[in-house]
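Colleague: Okay, here's the structure, questions in a sec.
The values are calculated or read from the model by the stated rules, or taken from the named source; none is laboratory data. Nothing here was measured: the structure is a model prediction, and the numbers come from that model. Cβ placement follows ideal geometry from the backbone for every residue including glycine, while neighbour counts extend to all protein chains displayed. What goes into the accessible areas is simple: the full protein's heavy atoms, side chains included, and nothing from ligands, DNA or RNA. Shrake-Rupley method; radii C 1.70, N 1.55, O 1.52, S 1.80 Å.
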Amino acid sequence: METKTSQTAMTRRQFLTTVGKIGGSAAVFSLMGSLGLLAPETLKAAAYTPPSQGDLLSAHRGGKKIVILGAGIAGLTAAYELGQAGYTCTVLEARGRSGGRIWTVRRGTTETDMDGFKQVARFDADEHLYLNAGPMRIPQFHVTMDYCRKFGVELEPFNNVNESGYYYSENVGALSGQKIRKRAIKADVRGYISEMLARAVRQDQLDLPLTAEEKEKLVAYLKREGDLNEDLFYKGSSRGGYKSEPGGKLDAGVVRDPFDLKAIIHSGFGNFFSGEYSYDQQMMMFHPVGGMDRISRAFEQRLRRPVVYHAEVKEIRQNDVGVRIVYLDKMSGRMREETGDYCICTLPLPVLKDIPADFTPELQKAIAGIRYASAGKLGIQFKRRFWEEDEQIYGGSTTTNTDLASIYYPPTRYFAPKGVLLAYYANGAAADRLGAMSPAEREKYALSVGSRIHPQYYTEFETSFSVDWKRTRYSLGGWASYSADDRKTHYPVLCEPAGRVYLAGEHMSYITAWMAGGIESARKVVTELHERVMKE
């Protein structure tokens, strides 16, 4: 029997459409959230409302012009959002490309560092053979995902965690110099810890505010968690892998024997676990197909005015009515000027501190007082993907206490003939030691130490490219590294507009080192700047 809808009834879709006509998209999102039609993550992403065309008619007619320093993700975001709303934006970028620290190294990429060492990338001319020298992964809840969706940037999984990768450490006792599958160590640590806790709980050796029934439930959980036997002993587990893999018919396989508890303690492998649990490192993670610079290119293609490249900022000046930026046109060698009503400066603070500017002494002190992290990477193109063919490792990483720190296997193009492996991703003191080397010396070190884990290194090696971010011109560091005291003293000063100049970038966020930090800071500044313009 056919059911007819009353002419006076209104479907949910019609109702939401009506709300949208009256109150706009913000009203629709708010109502949909109240009706439970949107996930919390979607609501958070929608909380940002860019300046609307209607609101900015007066600003547009008045010819408000914004000069943006730096074409990294923050500068591109600011230019895109303001441009969509009608502002006139000029982006000055010292490099010959956009993206800033979003840097995908491909065949022909040429870079000369602050020490004068020149490198030319000699990877094969294949769009899938590249090194993401800066950001390489995106957490699924970061705002970066929203822009990828909006711009149609194709993504694929970045398998940040792979239990088939290795732990490898030197000078740590009985397990020194052994490459051990991550799954094996993790199973043994969980097993031993669960055993100790379960037996302590059952024997009332812990002062716990639990009833006898609750304690038994806790023991039952620990038994499952550690894969303990009926007597609550850990004797090994298939979770850690096999000495002989199971197969067909009567081949049940042979479970590997657990490592000695003392050997595991001295190895320090357990100290590596927590990195995988941190909020921003949890699976799933993603990356753009073909390289991280697909994101910066997508932004750039949507700007209303092209980026001014090879424009090295030399002075930042301002008065009561506008800003004046003096820059060197590196192509012609001439000094030029760009004027505007306001300036959004996204330059990294180590770069900004050496540029003469009309800032207060307090702000100058804050800019100079922020330390930046040491970070470096080296990518090697191998003629064969031996990690897949010989060792069944598809993506993920190997972790080591050597200066290599982490080796990342390419999370894409499985079974391809060749691959670019991230032979080290070092931070802190390790990055400083590697950064002090020449590119040739870094390559030599990576091959020497890496071959202890993968003997195939030397026979399969083809070419490499490395980067040390503290020695990279126009960056001078990996990311802002704030201390608790910095957040209380310098950070509030940096967050305030310096007259007509606003600071933005990952350093102007609580999610430093991530692209989302640059995006979020830019959106905050866009909102603040627009509100100021409308008041004027």
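Colleague: Tally up the carbon and sulfur contribution to the accessible surface of the chain as a whole percent, 1.4 Å probe, everything protein left in place.
Modeller: 52
Colleague: What's the magnitude of the charge dipole for the chain around its Cα centre, counting Lys and Arg as +1 and Asp and Glu as -1 at the beta-carbon? Answer in Debye, nearest 20. Present the calculation step by step, with values, prior to reporting the outcome.
Modeller: Numbers: 70 positive and 64 negative charges, 240 e Å.
Approximately 1160 debye in magnitude.
Colleague: Please identify the chymotrypsin sites (Phe, Trp or Tyr not before Pro) of region 433-536 that satisfy two criteria: DSSP loop assignment and at most 12 other Cβ atoms within 10 Å. Which are they? Walk me through the numbers before you get to the answer.
Modeller: Values: sites: TYR445, TYR457, TYR458, PHE461, PHE465, TRP469, TYR474, TRP479, TYR482, TYR502, TYR510, TRP514; in loops: TYR474, TRP479, TYR482, TYR510, TRP514.
Answer in residue order: TYR510.
Colleague: To the nearest 10 degrees, how steep is helix 73-85 against the longest Cα principal axis of the chain, on a 0 to 90 scale?
Modeller: 40
Colleague: What figure in square angstrom, to the nearest 10, would you give for the accessible area of TYR394 with a 1.4 Å probe?
Modeller: About 80 Å², ignoring ligands and nucleic acids.
Colleague: Where a Cα-Cα gap under 13 Å defines reach, which aspartates and glutamates qualify for LYS418, not counting those fewer than 8 residues away within the same chain?
Modeller: Within reach: ASP124, ASP126, GLU127, GLU388, GLU389, GLU460, GLU462.
Colleague: Below 8 Å between Cα atoms, with a sequence gap of 6+, how large is the relative contact order for the chain in percent?
Modeller: Reported as a whole number, the value is 19 percent.
Colleague: For the chain, take the longest principal axis of its alpha carbons; what is the angle in degrees between that and the long axis of helix 12-34, to the nearest 10 within 0 to 90?
Modeller: 60
Colleague: Among rounded, prolate and oblate, which fits region 120-192 when a ≥ b ≥ c are the square roots of the eigenvalues of its C-alpha gyration tensor, a/c under 1.5 means rounded, and a/b larger than b/c means prolate?
Modeller: oblate
Colleague: Tally the DSSP beta bridges in the chain and give the antiparallel ones as a percent, rounded to 5.
Modeller: So the antiparallel bridges in the chain amount to around 75 percent.
Colleague: Can you classify region 392-536 as rounded, prolate or oblate using the Cα gyration tensor, where a ≥ b ≥ c are the square roots of its eigenvalues, rounded means a/c under 1.5, and otherwise it's prolate if a/b beats b/c and oblate if not?
Modeller: Numbers: a/c = 3.06, a/b = 2.25, b/c = 1.36.
Judged from the Cα gyration tensor, region 392-536 comes out prolate (a/c at least 1.5, a/b above b/c).
Colleague: For Rg and Dmax of the Cα atoms in Å, pick the label among (1) 22.5, 69; (2) 23.5, 71; (3) 27.5, 85 that corresponds to the value derived from the coordinates.
Modeller: Correct label, based on the coordinates given: (3).
Colleague: How large is the accessible surface of THR527 in square angstrom, using a 1.4 angstrom probe and rounding to the nearest 10?
Modeller: 40
Colleague: Another question about this same structure. Could you state the accessible area per residue of the chain in Å², with a 1.4 Å probe and every protein chain left in place?
Modeller: Per residue, the chain has an accessible area of 48 Å².
Colleague: Which three lengths, in whole Å and largest first, does region 355-460 cover when its Cα atoms are put on their principal axes?
Modeller: Cα extents, longest axis first: 60, 26, 22 Å.
Colleague: Can you classify region 236-359 as rounded, prolate or oblate using the Cα gyration tensor, where a ≥ b ≥ c are the square roots of its eigenvalues, rounded means a/c under 1.5, and otherwise it's prolate if a/b beats b/c and oblate if not?
Modeller: Details: a/c = 4.47, a/b = 2.81, b/c = 1.59.
It is prolate, given that a/c is not under 1.5 and a/b is the larger ratio.
Colleague: With only alpha-carbon atoms in the gyration tensor, what are the semi-axes of the equivalent ellipsoid for region 287-369, in Å, largest first?
Modeller: Working through the eigenvalues yields semi-axes of 27, 18, 14 Å.
Colleague: Still on this structure, please answer the following. Show LYS186, LYS150, LYS444, LYS64 ordered by accessible area, largest first, where the area counts protein heavy atoms only and the probe is 1.4 Å.
Modeller: Listed by decreasing accessible area, they come as LYS444, LYS150, LYS64, LYS186.
Colleague: Please compare each pair in LYS182/LYS383; LYS182/LYS223; LYS314/LYS353; LYS377/LYS444; LYS186/LYS235 to a cut-off of 18 Å on the Cα-Cα distance and tell me which ones are over it.
Modeller: Checking Cα-Cα distances, LYS182/LYS383; LYS182/LYS223 exceed 18 Å.
Colleague: What do you reckon, how do LYS535, LYS262, LYS330 stack up by accessible area (1.4 Å probe), largest on top?
Modeller: Numbers: LYS535 180, LYS262 145, LYS330 80 Å².
Putting LYS535, LYS262, LYS330 in descending order of accessible area: LYS535, LYS262, LYS330.
Colleague: Counting only residues 5 or more places away or on other chains, whose amide H sits under 5 Å from the amide H of ILE344 once H atoms are built in the peptide plane?
Modeller: For ILE344, the qualifying residues are VAL67, ILE68, LEU69, TYR502.
Colleague: Highest mean first, how do 305-318, 222-235 rank when packing is the count of other Cβ atoms within 10 Å averaged over residues? It would help to have the intermediate numbers written out before the result.
Modeller: On the way: 305-318: 17.5, 222-235: 15.8.
Per-residue mean Cβ counts within 10 Å order the peptides as 305-318, 222-235.
Colleague: Can you order the peptides 125-131, 81-87 by their average number of other Cβ atoms within 10 Å per residue, highest first?
Modeller: My ranking of the peptides, most packed first, is 81-87, 125-131.
Colleague: Right, next: Using only the heavy atoms of the protein chains and a 1.4 Å probe, how would GLU195, GLU337 rank by accessible area, largest first?
Modeller: From most exposed to least exposed: GLU337, GLU195.
Colleague: Would you work out the relative contact order for region 257-348, in percent, from Cα pairs under 8 angstrom that are 6 or more residues apart?
Modeller: Working: 69 pairs, mean separation 12.5, N = 92.
Contact order relative to length: 14 percent.
Colleague: I'd like the Karplus ³J(HN,Hα) series for region 427-443: coefficients 6.51, -1.76, 1.60, θ = phi - 60°, whole numbers in Hz, and an x wherever there's a Gly or Pro.
Modeller: 10, x, 4, 4, 5, 5, 5, 5, x, 6, 7, 6, x, 5, 5, 4, 4
Colleague: Could you let me know the centre-to-centre spacing of region 290-307 and region 207-270, using Cα atoms, in angstrom?
Modeller: 50
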